[in-house]
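Okay, so here's the structure we're looking at.
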Ligand SMILES: Cc1cc2nc3c(=O)[nH]c(=O)nc-3n(C[C@H](O)[C@H](O)[C@H](O)COP(=O)(O)O)c2cc1C
């Protein structure tokens, strides 16, 4: 797929089939991710790939964390939470390293990790896959971070849910750049 076509036609696709993705396909996404720019070449992105029962373990952690915070929640609500990571056959959590040198800024590391996420979305689209970038409360949950091997003060910039698309979403027109752009000439 040509680059501009991929950029213009990529759309969030949250509804994907449960069929597992071959490991090589996931590796292609990760390979695309690490082509992103990053300042001082610190490669600040960290990926945790959850497939199969790995997703179930994440769901268990999410439900347990929620039960701790909200002890009155009914079991059905916790079951719903537990099932969230099962919405796609592969979930790629993307965390960000904290800077270890003064010259490296956390905001720039976050920018680089976000660029890696966008590369994965575009690569998924080019491969005919459906993908969605999710965050929500789970990206900030200390128990989720611990399970994924991230420190409490490390950011998770997203969970990329990816699989074979259930259907092709209706194309949507995005607002143009004009009202967000000033030209200084
Ligand atoms: C940082 C970030 C976090 C997001 N988190 C969520 C999320 O938690 N749930 C969700 O449904 N979509 C999430 N999205 C996807 C947006 O909803 C989606 O990109 C937006 O609706 C525009 O649709 P498009 O990607 O098809 O252009 C997130 C996107 C970004 C960039």
Exercise. Which of (1) crowded, with 18+ Cβ neighbours inside 10 Å; (2) within 16 Å of the chain's Cα centre (by Cα) is the odd one out, the single condition residue 136 does not satisfy?
Worked result: (1)
Problem set entry | Filtered residue count, region 126-157, keeping only those that are in contact with a helix residue (DSSP H, G or I) (Cβ under 8 Å, 6 or more places away or on another chain), within 17 Å of residue 109 (Cα to Cα) and within 13 Å of the ligand (Cβ to nearest atom) | 3
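The rows are residues; the columns are (1) without any contact (Cβ under 8 Å) to a residue 40 or more places away in the chain; (2) under 18 Å from the mean Cα position of the chain (by Cα).
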position	(1), (2)
42	no, no
46	no, yes
56	yes, yes
62	no, yes
66	yes, no
73	yes, no
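Yes/no per residue for (1) closer than 26 Å to residue 15 by Cα; (2) surrounded by 11 or more Cβ atoms within 10 Å (Cβ to Cβ):
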{"residue": "122", "(1), (2)": "yes, yes"}
{"residue": "159", "(1), (2)": "yes, yes"}
{"residue": "169", "(1), (2)": "yes, yes"}
{"residue": "173", "(1), (2)": "yes, no"}
{"residue": "181", "(1), (2)": "no, no"}
{"residue": "185", "(1), (2)": "no, no"}
Exercise. All but one of (1) within 11 Å of the ligand (Cβ to nearest atom); (2) on the phi > 0 side of the Ramachandran plot hold for residue 160; which doesn't?
Worked result: (2)
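Read the figures in this text as sums done on the coordinates, not as results from a lab. Computed from a prediction, not measured in an experiment: that's the story for all the values here. Because the Cβ atoms are built from the backbone with ideal geometry, glycine has one as well, and the counts that use them run over all protein chains shown.
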